[in-house]
Structure formats: C-alpha cells, structure tokens
1. Return the residue satisfying two criteria in turn: it lies in region 104-147 and is assigned to a helix (DSSP H, G or I), farther than 24 Å from residue 93 by Cβ and out of contact with any helix residue (DSSP H, G or I) (no Cβ under 9 Å at 6 or more places or on another chain), and of such residues it is modelled with the lowest pLDDT.
2. Mind telling me which of the residues 24, 81 ends up being exposed (fewer than 15 other Cβ atoms within 10 Å of the Cβ) and without any contact (Cβ under 8 Å) to a residue 12 or more places away in the chain?
3. Would a scan of region 86-103 turn up a residue that is in contact with a helix residue (DSSP H, G or I) (Cβ under 7 Å, 6 or more places away or on another chain) and without any contact (Cβ under 8 Å) to a residue 40 or more places away in the chain?
4. Based on this model, can you work out whether residue 34 counts as touching a strand residue (DSSP E or B) at 6+ places or on another chain (Cβ under 8 Å) and surrounded by 14 or more Cβ atoms within 10 Å (Cβ to Cβ)?
5. Pull out all pairs, ordered by first then second residue, where Cβ-Cβ is under 8 Å, the residues are six or more apart or on different chains, the first lies in region 136-162 and is free of Cβ contacts under 8 Å to residues at least 40 places away in the same chain, and the second is exposed (fewer than 13 other Cβ atoms within 10 Å of the Cβ).
6. Quick one: in region 1-47, which of the residues that are closer than 28 Å to residue 112 by Cβ, in contact with a helix residue (DSSP H, G or I) (Cβ under 6 Å, 6 or more places away or on another chain) and in a loop (DSSP other than H, G, I, E, B) is modelled with the lowest pLDDT?
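The values are calculated or read from the model by the stated rules, or taken from the named source; none is laboratory data. All figures in this text were calculated on a predicted structure; none of them were measured in a lab. FYI the Cβ positions are ideal-geometry reconstructions off the backbone, even for glycines, and counts take in every protein chain you see.
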C-alpha cells in the first residue's frame, strides 16, 4: 500500500518541452512519456506495484489501480514502435489523463489511510475487484487518449517505426 502513493506521484510529474502553446502556456508532458525506455520501465514497475499491493488495498483504491493499469496497458499496446519524439507529442495530449488518473488513485489511497486502515478487515476476495466492464469502458472512453483518437492516430502514423 505504501508504494501506491509514490506510483501516483511518479505518473503526475510533468516536464516542459521548452515550447509554448497558442495561448502562451508552456507545453508539458508526463515525464514517464519522454522516452519509450522510460515508459516501458514505468509500465512494468507500476504493474508489479499494483500486483504486490492489491491484497491490502481498499476496494475503491484497487478499482482505481486496475483502471490505471488498464489505461497504461492500452497506451502501451497502441504505441509500440512509436519514436521518442512521437511519444512526447502523444504525452502532450495525454497529460491531463495522467494527472486525473494518478490524482484519483492518490486521493483514494489517502482516504483509506486517513479513515479505514485501523478498521480494516482483509478484503473479501469474492468481491469484484475491478469495475464492471461497462464502467471501465466508459471511464477509459472518457480519457484524452480515446477522445483524441484522430490526433493520436496521426502521431502514430507519422512517428511510428512500423
């Protein structure tokens, strides 16, 4: 459980590109998307962190952790062969997804520690540990990755190695 909060924070760290958008704001992206090597490393370690922590997480936190894992797996699977430059361009689009998903996970973990940890009984493992499929699909469909698919696809086409 104590690794969930650092994972959430790691996913929320942003880096500047040195460029400005049309409104004059500094363009940023999640640091985990600055290179394919970095993203692969974080994807693998986040999967392991969630797996190791899962028996101890509250149901709300576990569901959010698995939603995050599904999101990262979706992005990872769809970006195979993408150059570092392409991944960085994609990161600019996905920035808010990383902020939202990691913040939700951090808040759920914090609430658990704040109020539930001392009353905690081991979770009933028969209880559904993921959101229902329809809810997961709806939540993933609401991400910038899916809402901006035309722009994502253009980056994949332009910066992919395949």
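1. Taking region 104-147 as the starting set, the residues that turn out to be assigned to a helix (DSSP H, G or I) are 104-116, 133-141, 144-147.
Among the residues that remain, those that are also farther than 24 Å from residue 93 by Cβ are: 108-116, 133-134.
Right, trim to out of contact with any helix residue (DSSP H, G or I) (no Cβ under 9 Å at 6 or more places or on another chain) and you get 114-116, 133-134.
On the way: 114: 73, 115: 69, 116: 62, 133: 88, 134: 91.
Top of the filtered list is 116.
2. Of the residues listed, the single one that is exposed (fewer than 15 other Cβ atoms within 10 Å of the Cβ) and without any contact (Cβ under 8 Å) to a residue 12 or more places away in the chain is 24.
3. Checked against the condition, which is being in contact with a helix residue (DSSP H, G or I) (Cβ under 7 Å, 6 or more places away or on another chain) and without any contact (Cβ under 8 Å) to a residue 40 or more places away in the chain, region 86-103 yields no hits at all.
4. yes
5. Between residues of region 136-162 that are free of Cβ contacts under 8 Å to residues at least 40 places away in the same chain and residues that are exposed (fewer than 13 other Cβ atoms within 10 Å of the Cβ), the close pairs are 147/141.
6. Step by step, filter region 1-47, then rank; the result is 1.
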